[in-house]
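The values are calculated or read from the model by the stated rules, or taken from the named source; none is laboratory data. Every value quoted in this text rests on a predicted model; they were computed, and no experiment measured them. All Cβ positions, glycine included, derive from the backbone under ideal geometry; neighbour counts span all protein chains shown.
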């Protein structure tokens with residue numbers, strides 16, 4: 001049976017990702033069996049977890065996934081599971097915070113280690129931690145990692161204050177500029193684009209391993225309840241071709257596993273390498289990613305473009321977010337340059353005037369490749385200059401408010417800015433398991 005714990009924090013920006021990666025790398029260096037998971041809808045951080053552990057990293061989304069799905073994904077592996085939280089521990093979707101990292105602690109029954117950014121505090125760490133520890137008895141905080149500690153004197157003050165909480169300090173990590181990671185508009189620069197990823201992991205693993213009691217950390221983990229869940233999203237076809245490279249990197253492994261378990265055959269191709277999808281594919285997927293950073297190469301990828309034109313006559317084509325933009329007529333990059341895209345949908349998008357679109361979405365197909373209501377999320381900065389055609393989804397936000405229809409469909413081609421996570425789940429309270 002696997003055991004697990006959650007790395008959470010009072011707020012975003014406390015250093016959860018860096019601390020989690022350091023823990024994963026340091027534990028692996030000891031020879032321990034360790035793997036990572038990520039709370040919520042995130043395509044980027046899981047790839048760093050995989051680089052640190054050599055093991056698959058699932059997304060565990062307490063808003064969009066059934067508890068049994070979450071338990072099955074968490075239990076699918078050996079050794080210690082370290083779950084990286086998202087935002088603050090109790091922060092989730094409106095109106096009541098459903099989908100927060102705390103929900104994962106309740107569903108999985110595993111404890112929380114709280115990472116506290118101590119750069120601008122001393123004795124105040126104690127009431128902060130005590131407040132989080134006492135807020136919900138179903139969310140058990142079993143240890144604290146003090147992060148961004150300034151000096152040995154600062155560390156001593158923090159540890160002395162923490163004695164009043166009776167919650168053990170598992171480590172105190174000093175401020176260290178050498179473990180910073182570069183970011184862009186959707187988060188960290190992808191792991192596959194980091195030329196020195198192994199050197200970074202060695203640095204952060206060394207830093208965290210030197211300042212955290214790894215044995216004490218592992219000892220507070222709890223068993224993960226075993227669960228079995230079958231495929232949730234049926235494959236739209238038997239033979240599926242999926243674009244995969246730095247421009248099209250945003251796919252959820254659990255969805256691909258659903259399709260494989262249902263008997264689908266999945267192949268991959270790279271538009272940036274000017275590859276076409278498998279001619280035998282019956283369903284072609286352009287996932288999200290960063291096509292805006294590679295729009296010129298995509299526009300000039302003649303083999304890819306010809307292959308997609310053929311596929312539009314013989315197969316179903318589906319695009320999510322960045323893939324949806326590539327299905328359109330043109331994409332304007334951040335400099336104002338327009339690049340011709342595939343022209344399979346009457347769509348024009350732009351990054352010249354960026355605007356954030358963010359939130360969970362409940363999606364009811366009006367056609368296209370999927371059946372049944374879906375849950376997903378939207379996270380992008382692109383603006384829609386023109387979108388004409390039949391909509392793909394009726395949409396609601398996390399509070400059940402109706403949104404404008406999303407996406408387009410034309411013949412065999414469909415897409416939208418939404419990323420599908422799972423099939424519809426029943427409504428439940430935040431404390432349900």
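Could you check residue 257 against (1) part of a helix (DSSP H, G or I); (2) modelled with pLDDT of 95 or more and say which number it fails? It fails just one condition, (2).
Give me a count of the residues in segment 386-403 that are free of Cβ contacts under 8 Å to residues at least 24 places away in the same chain and under 13 Å from residue 365 (Cα atoms). So the count comes out to 0.
When residues in segment 29-63 are screened for being at pLDDT 95 or above and closer than 16 Å to residue 103 by Cβ, 9 of them pass. Does residue 241 satisfy the criteria of being at pLDDT 95 or above and surrounded by fewer than 21 Cβ atoms within 10 Å (Cβ to Cβ)? No, not satisfied. Which members of segment 288-314 meet the condition of being surrounded by fewer than 24 Cβ atoms within 10 Å (Cβ to Cβ), under 20 Å from residue 418 (Cα atoms) and in contact with a helix residue (DSSP H, G or I) (Cβ under 8 Å, 6 or more places away or on another chain)? Listed by number, the list holds a single entry, 290. For segment 100-115, the tally of residues that are surrounded by 24 or more Cβ atoms within 10 Å (Cβ to Cβ) and either free of Cβ contacts under 8 Å to residues at least 24 places away in the same chain or touching a strand residue (DSSP E or B) at 6+ places or on another chain (Cβ under 7 Å) (or both) stands at 9. Of all residues being part of a loop (DSSP other than H, G, I, E, B) and more than 18 Å from the chain's Cα centre (by Cα) in segment 15-56, which is surrounded by the fewest Cβ atoms within 10 Å (Cβ to Cβ)? Just the residue, please. The selected residue is 31.
Tell me, which residue of segment 124-164 that is under 21 Å from residue 219 (Cβ atoms) and surrounded by fewer than 19 Cβ atoms within 10 Å (Cβ to Cβ) is farthest from the chain's Cα centre (by Cα)? That would be 163. Restricting the search to segment 366-402, which residues are at pLDDT 95 or above, within 17 Å of residue 236 (Cα to Cα) and surrounded by fewer than 20 Cβ atoms within 10 Å (Cβ to Cβ)? Scanning segment 366-402 gives a single hit, 366.
Scanning segment 338-365 for residues that are closer than 21 Å to residue 301 by Cα, in contact (Cβ under 8 Å) with a residue 24 or more places away in the chain and surrounded by fewer than 20 Cβ atoms within 10 Å (Cβ to Cβ) yields a count of 4.
Within segment 253-264, one or more residues are buried (at least 22 other Cβ atoms within 10 Å of the Cβ) and in contact with a helix residue (DSSP H, G or I) (Cβ under 8 Å, 6 or more places away or on another chain).
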